[in-house]
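The values are calculated or read from the model by the stated rules, or taken from the named source; none is laboratory data. If you're wondering where the values come from, they're calculated on a predicted model, not measured in any experiment. For neighbour counting, all protein chains shown are included, and Cβ atoms are generated from backbone atoms with ideal geometry for every residue, glycine included. Just the protein is used for accessible areas: all its heavy atoms, side chains included, with ligands, DNA and RNA removed. Shrake-Rupley method; radii C 1.70, N 1.55, O 1.52, S 1.80 Å.
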Amino acid sequence: MNKCEGIVSALMTPFTKEGKLDENVLRKYVRHNIDRMKVDGLYVGGSTGEGLLMSKEERIAVLEITKEEAANKIGLIAHIGSLELDAACEMAQNAEELGYDLISAVLPYYYPFKFPAVKKYYETILNATKNVGLVLYYIPVLTKAEISVDNFAELFENKRVVGIKYTDADVFTLERIIKKYPGKTLWAGFDEMFIAYAAYGLRSGIGSTYNIQAPIIKSIAEAMNNKDLDKALELQHKANDVISTLLKVGIYPALKEVVTYFDPTAVAYCRAPMMASVKDEDKKVLKDMFEKYLSNF
């Protein structure tokens with residue numbers, strides 16, 4: 001078992017109204033996840049962290065601040081994926097020097113990359129580092145890059161590739177990967193499908209909504225361990241009620257708004273071109289959701 005297995009929150013990155021990185025609130029986000037959400041780890045600089053909207057220097061700063069604030073209390077995964085491969089390699093080197101437990105990189109996106117290019121991308125990142133393990137970030141709905149079960153075999157030939165952040169609804173391929181590569185760790189990537197992943201044996205996940213409802217997801221994993229499917233399904237319904245509300249409002253600004261209900265001083269905004277914050281008329285919807293499902297955490 002690696003240190004980053006379990007319930008891993010996809011850490012948000014807070015910005016000021018002017019779009020600058022807010023170090024003070026970032027530290028609050030880290031403490032919130034550790035102290036209140038009781039997560040097992042943090043996934044830093046990914047989609048939820050708006051990493052692809054940030055400069056290389058900003059992303060490295062987030063890695064440094066998070067590492068300092070987490071103080072080795074939980075596992076840390078640094079997302080360093082970028083179409084600028086030199087930048088990805090530099091961020092990977094920084095993460096390794098900082099002592100991150102693992103690095104991760106989304107598949108190359110936008111251009112229709114074929115598998116040989118994907119393989120070269122990961123090989124280049126691994127060759128730029130020394131010993132740190134790598135988590136493949138598989139999210140074909142956004143990257144449009146699909147990897148077959150046999151393609152994964154080629155990537156797993158490098159023993160430092162420890163597993164996959166599997167963000168796809170294709171549970172058939174998921175089952176095939178689990179069966180063929182029992183030594184690899186898979187993290188559930190769709191929060192709304194955690195119970196489905198868990199049915200195939202997954203107990204680890206990396207999720208956006210874990211920032212506000214990690215205890216619910218942990219309880220689903222526990223119910224599945226206890227073979228209590230009815231309880232697990234009841235909890236997944238609850239988690240999905242939360243997710244439905246977030247999606248209606250706009251998930252990233254909504255998540256940042258809800259964190260302020262736990263800590264009124266943790267006010268932050270999203271970076272353009274994302275919507276900076278939720279509309280005033282949506283705040284009551286989020287507050288009602290919070291009071292119904294999350295206020296006891």
| So how many residues does the stretch 19-37 have that are open to solvent by 40 Å² or more (accessible area, probe 1.4 Å) and in contact with a strand residue (DSSP E or B) (Cβ under 9 Å, 6 or more places away or on another chain)? | 1
| said: Between a residue in the stretch 49-61 that is closer than 16 Å to L98 by Cα and basic (K, R) and any residue that is open to solvent by 30 Å² or more (accessible area, probe 1.4 Å) and modelled with pLDDT of 95 or more, which pairs come within a Cβ distance under 8 Å, given they are 6 or more apart or on different chains? | reply: K56/E84; K56/E90
| task | Kindly establish whether V62 is among the hydrophobic types (A, V, I, L, M, F, W, C) and within 16 Å of the chain's Cα centre (by Cα). | result | yes
| remark: When the stretch 38-93 is checked residue by residue, the ones that are surrounded by 18 or more Cβ atoms within 10 Å (Cβ to Cβ), of a type outside the set (S, T, N, Q), part of a loop (DSSP other than H, G, I, E, B) and on the phi < 0 side of the Ramachandran plot are V39, D40, G46, G49, M54, I74, I80, G81
| request: Might you let me know whether the stretch 201-210 holds any residue that is within 22 Å of H32 (Cα to Cα), open to solvent by 10 Å² or more (accessible area, probe 1.4 Å) and without any contact (Cβ under 8 Å) to a residue 40 or more places away in the chain? | output: no
| query | Within the set of pairs 6 or more residues apart or between chains, which connect a residue that is in contact (Cβ under 8 Å) with a residue 12 or more places away in the chain inside the stretch 118-129 to a residue that is open to solvent by 10 Å² or more (accessible area, probe 1.4 Å) and of a type in the set (F, W, Y) with Cβ atoms less than 8 Å apart? | reply | Y121/F113
| said: Looking at the structure I just gave you, is A223 more than 20 Å from the chain's Cα centre (by Cα) and open to solvent by less than 10 Å² (accessible area, probe 1.4 Å)? | reply: yes
| task | Taking Y100 as the residue in question, decide whether it is in a loop (DSSP other than H, G, I, E, B), crowded, with 20+ Cβ neighbours inside 10 Å and aromatic (F, W, Y). | result | yes
| message | If I ask for residues that are of a type in the set (V, I, T) and either open to solvent by 50 Å² or more (accessible area, probe 1.4 Å) or without any contact (Cβ under 8 Å) to a residue 40 or more places away in the chain (or both), which ones from the stretch 131-184 would you list? | response | V141, T143, V149, V161, I164, T167, V171, T173, I177, I178
| Quick one: which of K119, K179 is of a type outside the set (D, E), under 29 Å from V62 (Cα atoms) and assigned to a helix (DSSP H, G or I)? | K119
| message | Quick test for you: out of T265, T260, T245, pick the one residue that is open to solvent by 20 Å² or more (accessible area, probe 1.4 Å), touching a residue at least 60 places away in the same chain (Cβ under 8 Å) and more than 16 Å from the chain's Cα centre (by Cα). | response | T265
